[in-house]
Amino acid sequence: LTRIAVFASGNGSNFQAIADAVQAGELQAEVALVVTDKPQAVVVERAKKAGVESFSFIPSEFDSKQLYEQMIKEKLEELEVEWVVLAGYMRLIGPVLLEAFENRIVNIHPSVLPAFPGKDAIGQTMAAGAENAGVTVHFVDAGMDTGKIISQESFPVAGRDRAAVEQKIHEIEHQLYPATLQQLFSR
Ligand code: GAR
């Protein structure tokens with residue numbers, strides 16, 4: 001089984017979808033760890049319920065990204081984690097983790113990349129009056145949502161308000177992420 005760590009900063013509904021897919025036997029992986037930069041995030045509670053260890057840190061308590069990533073890296077190595085799965089982790093990954101997990105860090109982003117990278121992609125999509133909204137799973141590089149695209153799904157915005165677009169995006173994410181991970185790990 002491929003050992004993964006899920007990094008999240010918030011609600012963790014994508015962590016939940018991944019954990020559920022593992023539980024259902026649809027994703028052949030083991031979630032070894034949840035990593036969060038927000039110790040109070042809902043994802044920590046979800047991890048506990050799923051029986052997954054979580055590792056919280058407070059970025060402002062460190063002098064640099066290099067220092068906290070070094071600490072995360074040691075934890076990941078101790079648990080023999082093979083892949084890093086970003087799921088609503090709202091920070092750029094730095095050189096320490098990029099080098100330790102080269103081509104083994106993936107992210108999910110709520111837009112049809114390369115359109116609307118960065119924060120509040122759904123808001124950006126709505127404000128631009130874009131024809132389509134959607135979801136992208138991609139490899140992580142040093143840029144902001146710029147790595148090689150692995151999978152993508154889109155749908156027309158027409159007739160949907162922001163809440164409906166958001167709901168549809170989450171529905172897609174919860175299917176697409178576990179399915180894409182399964183494909184990656186079985187190739
Ligand atoms: C997801 O919609 C994910 O695509 C997005 O954050 C949400 C996290 O939801 N990620 C980004 O915007 C990354 N730039 P969750 O905490 O319920 O999984």
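Considering segment 101-139 alone, what residues qualify as being near the ligand (Cβ under 9 Å from one of its atoms) and not in a helix (DSSP H, G or I)?
The answer is 107, 108, 109, 110, 111, 117, 118, 119, 120, 135, 136.
Given the condition over 15 Å from the mean Cα position of the chain (by Cα), surrounded by 13 or more Cβ atoms within 10 Å (Cβ to Cβ) and near the ligand (Cβ under 10 Å from one of its atoms), answer yes or no: does some residue in segment 165-173 qualify?
Looking for residues that are over 15 Å from the mean Cα position of the chain (by Cα), surrounded by 13 or more Cβ atoms within 10 Å (Cβ to Cβ) and near the ligand (Cβ under 10 Å from one of its atoms), one finds at least one in segment 165-173, hence yes.
Within segment 43-53, identify whether any single residue is assigned to a loop (DSSP other than H, G, I, E, B) and within 16 Å of the ligand (Cβ to nearest atom), and answer yes or no.
yes
What is the residue count in segment 59-100 for residues that are open to solvent by 20 Å² or more (accessible area, probe 1.4 Å) and not in a helix (DSSP H, G or I)?
11
Going by what's in this entry, would residue 82 be described as within 18 Å of the chain's Cα centre (by Cα), of a type in the set (D, E, K, R), more than 12 Å from the ligand (Cβ to nearest atom) and closer than 23 Å to residue 137 by Cα?
Yes; evaluated as a whole, the condition is true for this residue.
Can you pull out the residues in segment 13-29 that are open to solvent by less than 10 Å² (accessible area, probe 1.4 Å) and outside any helix (DSSP H, G or I)?
The answer is 27, 29.
Could you identify the single residue in 160, 104 that is open to solvent by 10 Å² or more (accessible area, probe 1.4 Å), of a type in the set (Lys, Arg) and under 24 Å from residue 38 (Cα atoms)? Give the steps one after another, and end with the answer.
On the way: 160 fails: under 24 Å from residue 38 (Cα atoms).
On inspection, the qualifying residue turns out to be 104.
For residues that are closer than 16 Å to residue 185 by Cβ, of a type in the set (A, V, I, L, M, F, W, C) and surrounded by fewer than 22 Cβ atoms within 10 Å (Cβ to Cβ), tally how many sit in segment 30-58.
Qualifying residue count for the region: 1.
Show the residue pairs meeting these rules: Cβ distance below 7 Å; 6+ apart or different chains; first residue within segment 143-163 and in contact (Cβ under 8 Å) with a residue 24 or more places away in the chain; second residue acidic (Asp, Glu) and open to solvent by 80 Å² or more (accessible area, probe 1.4 Å).
Filtered contacts from segment 143-163: 156/131; 157/131.
The values are calculated or read from the model by the stated rules, or taken from the named source; none is laboratory data. Remember, predicted model here, so these are calculated numbers, not experimental data. Because the Cβ atoms are built from the backbone with ideal geometry, glycine has one as well, and the counts that use them run over all protein chains shown. For the accessible areas, the whole protein counts, side chains as well, though only heavy atoms, and no ligand, DNA or RNA atoms are used. Shrake-Rupley method; radii C 1.70, N 1.55, O 1.52, S 1.80 Å.
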